Amino acid sequence: MFLLSERDTPVLLGLLVFLVVHSVYVGCFLTLGLHAPAWATTGAVMTILGLVIAHSVLPSAQRQGGIPLAAPVAAYMLALGGMEVVAWGVGMWQIALGATFFVISNTVLGINRWVRPLRYGPVAVIVAYHLAQGLFVAGVTGAA
């Protein structure tokens, strides 16, 4: 909910919380093992595609909040991309798809927040986020 705020302070707190969350996801996924280097390459391609789609997020965040906002947004984007690559590298479709939905959620959120309002932006963020969480749970519990 912090990330959906109109003010910068809650958004920065949300970025920090999710930075920690992505570190936990990466740790969890690494315990499953990286069994699919080709899938990790696909994850890298998906991350690059997400960055291309969201190319205006970082400059827009910098215009609106300067370096104090743009730097955490950039760090978060890197962490999100790293999580996606590791998730794909596990080689389980549920986890890979979950990571992709997580990136979609955050890409829509960033565009909606800093670039331009999207008609169904908040709904798309929440739906993609919950799909991601469900797929992560299905993948991790299926591996256990």
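Of the residues that make up segment 64-78, is at least one assigned to a helix (DSSP H, G or I), in contact (Cβ under 8 Å) with a residue 24 or more places away in the chain, under 19 Å from residue 95 (Cα atoms) and more than 14 Å from the chain's Cα centre (by Cα)? For segment 64-78, residues assigned to a helix (DSSP H, G or I), in contact (Cβ under 8 Å) with a residue 24 or more places away in the chain, under 19 Å from residue 95 (Cα atoms) and more than 14 Å from the chain's Cα centre (by Cα): absent. Which members of segment 22-36 meet the condition of being of a type in the set (Val, Ile, Thr) and either surrounded by 15 or more Cβ atoms within 10 Å (Cβ to Cβ) or assigned to a loop (DSSP other than H, G, I, E, B) (or both)? Within segment 22-36, 26 is the sole residue that qualifies. Would segment 106-116 turn up any residue that is free of Cβ contacts under 8 Å to residues at least 12 places away in the same chain and of a type in the set (Val, Ile, Thr)? No.
Any residue in segment 81-101 that is open to solvent by less than 40 Å² (accessible area, probe 1.4 Å) and over 21 Å from residue 31 (Cα atoms)? Looking for residues that are open to solvent by less than 40 Å² (accessible area, probe 1.4 Å) and over 21 Å from residue 31 (Cα atoms), one finds none in segment 81-101, hence no. The residue that is farthest from residue 15 (Cα to Cα), counting only those in segment 117-141 that are open to solvent by 20 Å² or more (accessible area, probe 1.4 Å) and either touching a residue at least 60 places away in the same chain (Cβ under 8 Å) or among the polar types (S, T, N, Q) (or both), is 141. When each of 47, 42 is tested for being assigned to a helix (DSSP H, G or I), at negative phi, modelled with pLDDT of 90 or more and in contact with a helix residue (DSSP H, G or I) (Cβ under 9 Å, 6 or more places away or on another chain), the lone residue that passes is 42. Of all the criteria given as (1) farther than 26 Å from residue 140 by Cα; (2) assigned to a helix (DSSP H, G or I), the one not satisfied by residue 6 is (2).
The values are calculated or read from the model by the stated rules, or taken from the named source; none is laboratory data. Keep in mind the model is a prediction, meaning the values are calculated, not measured. FYI the Cβ positions are ideal-geometry reconstructions off the backbone, even for glycines, and counts take in every protein chain you see. Side chains included, ligands, DNA and RNA excluded: accessible areas come from the protein's heavy atoms. Shrake-Rupley method; radii C 1.70, N 1.55, O 1.52, S 1.80 Å.
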